[in-house]
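Written out below as structure tokens is the structure these notes cover.
The values are calculated or read from the model by the stated rules, or taken from the named source; none is laboratory data. Since the structure is predicted, the reported quantities are computational estimates derived from the model, not experimental observations. Cβ atoms come from the backbone with ideal geometry, glycine included; neighbour counts cover every protein chain shown. Heavy atoms of the whole protein, side chains included, go into the accessibility calculation; ligands, DNA and RNA do not. Shrake-Rupley method; radii C 1.70, N 1.55, O 1.52, S 1.80 Å.
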Amino acid sequence: MLRKTLPSWTSQARLCRQMSVVAKSLKYTEHGEPQDVLKLVEDKLADPKDKQVLVKILAAPINPADINTIQGKYPVKPKFPAIAGNEFVGEVVCVGDQVKGLQPGAHVVPLASGLGTWTTHAVYTEDQLLAISSKVGLAEAATITVNPCTAYRMLKDFVQLSPGDTVIQNGANSAVGQAVHQLCRAWGINSVGIVRNRPEISELKQLLQGLGATAVLTEEEMRTSDLFKTGKLKRPQLALNCVGGKSATEVSRHLNDRGVMVTYGGMSREPVTVATGPLIFKDIAFRGFWMTRWSKENYSAPERKQMFQELCQLMEQEKFVAPTHEMVPLEKFKEAAAAALNFKGFTGKKFILDMSC
Ligand SMILES: NC(=O)c1ccc[n+]([C@@H]2O[C@H](COP(=O)([O-])OP(=O)(O)OC[C@H]3O[C@@H](n4cnc5c(N)ncnc54)[C@H](OP(=O)(O)O)[C@@H]3O)[C@@H](O)[C@H]2O)c1
């Protein structure tokens, strides 16, 4: 095992130069469907120098945006040849001689986006990495930088929420949705989730309520629900939309006066259509959110540090768990990518590439 032969902290830079690591990576040289364009290739990595860090990747999720990037349908365009993937948790193997804050054995996640993470090993620079406690679980750490951060920012940055307030969201079983329920539970906010109907709806409702959802309704149930009319729950001041189309229109109808709907995804591939009545008479607002933009604009901001601290703390305390997932070996990427790609949805879980062995 690589870890057992790690050099000591004082001599690591010298030993780095003797590492001779061969990385197995999922690379592509043109856009297309992941099963067609991704190739598992081996490359000998150059030894890390100066501020560089050699990382053994332990786990990396497959997110919808990763698939869209490979397809060429995402605003982020990689330079070819590119390694796929954007998130990971890894372990520092050794560092260049100018690295100050990372030691071999430390667990790290990416601070920068688009690093190319579906690989067994990679050389990054210190400022692209954030050290996190190894007490944070593998799946939680591998998926922390995109979905939990997106949920966190959307709950913090658009309206001022207080305990007892309500948030409503569609796609409430998505990884972001699961993160929203858990943060709402931690902060005393009511989380109302809307999901599409399916044969396993009772199990799904139970799962989401177990994560902290106050109520989970199907799209049909929501149309006739008296949840807000009876005053059982306060009308939501914030709505989160990752679906678009009819689903978004329906969700926006439940917003309170001057409520805000934040759109962060378009899983139905339909545009967001605004109902005229609520727009005029309730003065509701429609906003968009993109985590990549926020992270770039707040790369070293104290708010970002604070966000990671809070999320890690909740994860360490097991008050925040990874989304429903399946760990798959890197070699099984074709099956995993095809399952994640299924654009009709109902996938039921996130696939996480497991390179920890
Ligand atoms: N803007 C940002 O910064 C940001 C950050 C993170 C994620 N996102 C976006 O948020 C969305 C969710 O991401 P995730 O990682 O949480 O995804 P995920 O865990 O894979 O979940 C996908 C969600 O989309 C729903 N869905 C899939 N196909 C659908 C369809 N045809 N019609 C309606 N719903 C459908 C699924 O519900 P069913 O079970 O009913 O299929 C599920 O709730 C994606 O669009 C992603 O790109 C955006």
Practice prompt. Just need a number here: residues in region 63-79 that are of a type in the set (Gly, Ala, Ser) and more than 9 Å from the ligand (Cβ to nearest atom).
Written response: 1
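Do any strands (runs of 3 or more DSSP E) entirely within region 72-155 hold 3 or more residues that are touching a residue at least 40 places away in the same chain (Cβ under 8 Å) and of a type in the set (A, V, I, L, M, F, W, C), and if so, which?
Values: elements: 89-95, 107-110, 121-125, 129-132.
Those strands (runs of 3 or more DSSP E) span 89-95, 129-132.
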Discussion item. Under 6 Å between Cβ atoms, which residue pairs at least 6 apart in sequence (or on different chains) link something in region 342-357 that is modelled with pLDDT of 85 or more with a partner that is of a type in the set (Phe, Trp, Tyr) and part of a loop (DSSP other than H, G, I, E, B)?
Written reply: 353/118
Worksheet, complete the sentence: Exactly one of 40, 58 is outside any loop (DSSP other than H, G, I, E, B), over 23 Å from the mean Cα position of the chain (by Cα) and assigned by TED's automatic domain parsing to the domain that holds residue 138, and that one is 40
Worksheet, complete the sentence: Residue hits (region 146-165; more than 8 Å from the ligand (Cβ to nearest atom), open to solvent by 10 Å² or more (accessible area, probe 1.4 Å) and more than 20 Å from residue 228 (Cβ to Cβ)) are 153, 156, 157
Fill in: Listing of helices (runs of 4 or more DSSP H) fully contained in region 166-271 that carry 2 or more residues being open to solvent by less than 60 Å² (accessible area, probe 1.4 Å), near the ligand (Cβ under 10 Å from one of its atoms) and in the same structural domain as residue 326 (by TED's automatic domain parsing)
none
Discussion item. List pairs: first residue in region 285-300 and closer than 17 Å to residue 114 by Cα and touching a residue at least 40 places away in the same chain (Cβ under 8 Å), second residue among the polar types (S, T, N, Q) and within 13 Å of the ligand (Cβ to nearest atom) anywhere in the structure, Cβ distance under 6 angstrom, at least six positions apart or on different chains.
Written reply: 291/150; 292/113
Practice prompt. Read through the list (1) of a type in the set (A, V, I, L, M); (2) within 19 Å of residue 177 (Cα to Cα); (3) within 16 Å of the ligand (Cβ to nearest atom), then give the number of the only condition that residue 339 fails.
Written response: (2)
Item to complete: Please work out which one of (1) open to solvent by less than 30 Å² (accessible area, probe 1.4 Å); (2) out of contact with any strand residue (DSSP E or B) (no Cβ under 8 Å at 6 or more places or on another chain); (3) within 16 Å of the ligand (Cβ to nearest atom) is the condition residue 348 fails and give its number.
Response: (1)
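Here is a check on your reading of the model: is residue 197 of a type outside the set (Lys, Arg) and in contact with a Ser or Thr (Cβ under 7 Å, 6 or more places away or on another chain)?
In short, yes.
Per-residue answers, yes or no, for (1) over 18 Å from the mean Cα position of the chain (by Cα); (2) not aliphatic (A, V, I, L, M):
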| residue | (1), (2) |
| --- | --- |
| 107 | no, yes |
| 128 | no, yes |
| 132 | no, no |
| 157 | no, yes |
| 164 | yes, yes |
| 169 | no, yes |
| 183 | no, no |
| 200 | yes, yes |
Worksheet, complete the sentence: Within region 272-284, of all residues that are touching a residue at least 12 places away in the same chain (Cβ under 8 Å) and of a type in the set (A, V, I, L, M, F, W, C), the one surrounded by the most Cβ atoms within 10 Å (Cβ to Cβ) is 284
